[in-house]
1. Any chance region 34-41 includes a residue that's touching a residue at least 24 places away in the same chain (Cβ under 8 Å) and either touching a strand residue (DSSP E or B) at 6+ places or on another chain (Cβ under 9 Å) or in a loop (DSSP other than H, G, I, E, B) (or both)?
2. Say we look at region 47-57 and pick out the residues that are closer than 18 Å to Leu9 by Cβ and open to solvent by 90 Å² or more (accessible area, probe 1.4 Å); which of these is farthest from the chain's Cα centre (by Cα)?
Amino acid sequence: MRSQPARLLRPNRQQIELRASDLESLLGEEHRARLVWGYVQRQDLRRLTQAIKARGSNAGRSAIDSH
């Protein structure tokens, strides 16, 4: 069962909202939240994805991807 990759939902960072803005444009280029996001992106999160039970075509809702 764990041999299949975790089934993940990925955020669509280019998705347009009713406000006609995409997620990337909500924060300025120099916003401190981008520092936090950069740190998170460099972390090894494999242990978290190993715990996800939704894999392949098994029942269960897909987890949200951290990238």
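1. Looking only at region 34-41, we keep the residues that are touching a residue at least 24 places away in the same chain (Cβ under 8 Å), and these are 40-41.
Keeping just the survivors that are either touching a strand residue (DSSP E or B) at 6+ places or on another chain (Cβ under 9 Å) or in a loop (DSSP other than H, G, I, E, B) (or both) gives none.
Among the residues of region 34-41, not one is touching a residue at least 24 places away in the same chain (Cβ under 8 Å) and either touching a strand residue (DSSP E or B) at 6+ places or on another chain (Cβ under 9 Å) or in a loop (DSSP other than H, G, I, E, B) (or both), which makes the answer no.
2. So in region 47-57, the residues closer than 18 Å to Leu9 by Cβ come out as 48-57.
Within this subset, residues satisfying the condition of being open to solvent by 90 Å² or more (accessible area, probe 1.4 Å) are 48, 50, 53, 57.
Numbers: Leu48: 12, Gln50: 15, Lys53: 16, Ser57: 20 Å.
Residue satisfying both the conditions and the ranking: Ser57.
The values are calculated or read from the model by the stated rules, or taken from the named source; none is laboratory data. Given the structure is predicted, the values throughout are model-derived calculations rather than measurements. Positions of Cβ are generated from backbone atoms using ideal geometry, with glycine treated the same way; all protein chains shown enter the neighbour counts. Side chains are part of the model used for accessible areas, which takes the heavy atoms of the whole protein and leaves out ligands, DNA and RNA. Shrake-Rupley method; radii C 1.70, N 1.55, O 1.52, S 1.80 Å.
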